[in-house]
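Structure record follows, encoded as structure tokens.
Each reported figure results from applying straightforward, stated rules to the coordinates on display, with no laboratory input. Predicted model only: the values in this text are computed from it and were never measured. So basically every Cβ, Gly included, is an ideal-geometry build from the backbone, and we count neighbours across all protein chains shown.
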Ligand code: FAD
Ligand code: DLZ
């Protein structure tokens, strides 16, 4: 009874639920590069090259395991341009397919499409759960069901207990759940950041890069040089280099930023995790072993495990728990347009320019840049959440809606009114100066508020608080900050509002 097994571009694990009982002798695996997936948002050129090359390499791996793979290239003459249409064509061509098996996709958009497939095709359609996560969606909804607040911290503790990761019996390893207070060091001027693992593109990747340049010449981002891995083996090499050389320093500078230092001590593993080239639980166990064997300190290992076992699992659970309407909220009624410099990096704000330039170059920025620089600016200036979500989907190699949306809509923009964050992550230049060397390299004065050379983040920060004073009034964590707003004289308010308005105008936002 031959089955057709559809494997998507972010389902590149041999352990996929769709493949678990596959019979290489009779079943056919379908993989299709299609314009619909390549254009539903205009992905960064490096993301396109990464996904297509990783798909092609994975198809070869399957063939080596004895599978018959029907691989549809983007420019194949008969390519129908959409997954649905390629499944239909495969069923017609192969004639004896009795069943279609797919692991559920990572986005509501595509799941909604697939839910219509049983009516469209003359074969049985089986949609299987994605089992590559540490928590199931039922685990998350059981945890969330009776709670008023869905804070990541408590979900994370439950996951620690459930998996036994970094636990000594019933107690958290080292006696604390969280070592964040040790992980907020600024990078000293003399401190060198470590060398990173990268690799050279092979012939398949070179061919894919030509394809991307040819088919998507106007997409965002720089394609060459391309040095990310595209196979499981390469992703594992990147992982091993991180674990042995970088992880011990992961904690100390986790929240720090530095000019022209895109990587700091971050792992650069999200792109591999999100397409299935690495397994999240295995990664957490390897990190834990480094601490248990005395090769990495607890603040580093706990900080790293928290990102994966905590944040990554939590945002995935929340994305599916909250449903497709989650993205429609706009708690702060943000209505402004995104300034053009988000696409070019051409701004005199050193922090924004650096974060955007390296996003153009690498399809990567680390968490604090995404949250406290580009995200914070979008929050303060009230850019419409749809535009901000669209931007984050378009510019990062690791962007898939299940992980991008909660982080952007909830964490960075507070557009969900506090489902994820207990208060808006709004910050002035003071925070950026404390955590980076950007302000020392900037034409703006980080101490000024309304002067012509004052850092825009300052007037925009105060203007944000003034603008949202009423709606944030009932938030217990905003009390102290809003007290400062109340203390502003009328004249101060007017000056802040005038400076903010003039800045927004100069950015072409209103
Ligand atoms: P590290 O700092 O080394 O962290 C280790 C791993 O933990 C990451 O690889 C990632 O898998 C996981 N992780 C860390 N923080 C988060 C988080 N907040 N949510 C989920 N997983 C996390 N991450 C994505 O994978 N895709 C996105 O599209 C994405 N969009 C984001 C948008 C905004 C506005 C913000 C604030 C964060 C976003 N993140 C996203 C989360 C985080 O910034 C990235 O996972 C991280 O920067 C990837 O780099 P890294 O692998 O070096 O991470
Ligand atoms: C991201 C992506 C891209 C660019 N192209 C394809 C593709 O051509 N074929 C495919 O199967 N998957 C692709 N993907 C990944 C999908 O967009 C992803 O599976 C969905 O967004 C669900 O997460």
In nm, spacing of pseudo-spin labels at residue 491 and residue 96 (7 Å Cα→C-beta vector): 8.9 nm
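Taking all pairs of different Cα atoms in the range 3-89, averaging 1/r and flipping that mean, what Kirkwood radius in angstroms comes out? The partial results should precede the final answer.
Working: mean 1/r = 0.0749 Å⁻¹.
When all Cα pairs of the range 3-89 are included, the Kirkwood radius is 13.4 Å.
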Separation between Cα centres of the range 372-397 and the range 235-297, rounded to whole Å: 26 Å
Relative contact order (percent, whole number), the range 7-113, Cα cutoff 8 Å, 6+ residue spacing: 36 percent
Taking 132, 493, 239, 147 and counting other C-beta atoms within 10 Å, the order from fewest to most: 147, 493, 132, 239
The range 341-506 shape via C-alpha gyration tensor axes, a/c threshold 1.5: oblate
Relative contact order of the chain, pairs being alpha-carbon contacts under 8 Å that are 6 or more residues apart, as %: 16 percent
Cα shape, the range 201-322, gyration tensor, a/c 1.5 rule: prolate
Computed E for residue 325/residue 224 - FRET, C-beta separation, R0 45 angstrom, nearest 0.05: 0.65
Sorted by Cβ density within 10 Å, fewest first, the residues 190, 15, 88: 190, 15, 88
In nm, spacing of pseudo-spin labels at residue 260 and residue 441 (7 Å Cα→C-beta vector): 0.6 nm
Reference-scaled alpha-carbon Rg (2.2 N^0.38 Å with N residues) for the range 94-155: 1.55
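Which order results if 344, 193 are arranged by neighbouring Cβ count within 10 Å, fewest first? Could the numbers behind the result be given before it?
Numbers: 344 13, 193 17.
Going from sparsest to densest Cβ surroundings: 344, 193.
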Cα gyration tensor shape for the range 306-388, rounded if a/c is under 1.5, else prolate or oblate: oblate
For the chain, alpha-carbon Rg relative to the globular expectation (2.2 N^0.38 Å, N residues): 1.01
Potential extension, residue 85-residue 199 segment - 0.36 nm per residue separation minus Cα distance: 37.5 nm
Tilt relative to the chain, helix 313-322 - C-alpha long axis, 0 to 90 degrees, to 10: 90 degrees
Simple spin-label estimate for residue 481 and residue 168 in nanometres, 7 Å along Cα-Cβ: 3.7 nm
Helix 83-94 vs. the chain, principal-axis angle (Cα, 0 to 90°, nearest 10): 10 degrees
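Evaluate the relative contact order of the range 347-486 (contact order divided by residue number), counting alpha-carbon pairs under 8 angstrom at least 6 apart; express in whole percent.
Result for the range 347-486 is 22 percent.
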The chain: angle of helix 385-395 to the longest principal axis, Cα-based, in degrees nearest 10: 60 degrees
Size-normalised alpha-carbon gyration radius of the range 43-136, reference 2.2 N^0.38 Å: 1.19
Kirkwood Rh, Cα atoms: Rg over Rh of the range 191-273: 1.03
Gained length - residue 75 relative to residue 502, 0.36 nm times residue gap less alpha-carbon distance: 148.9 nm
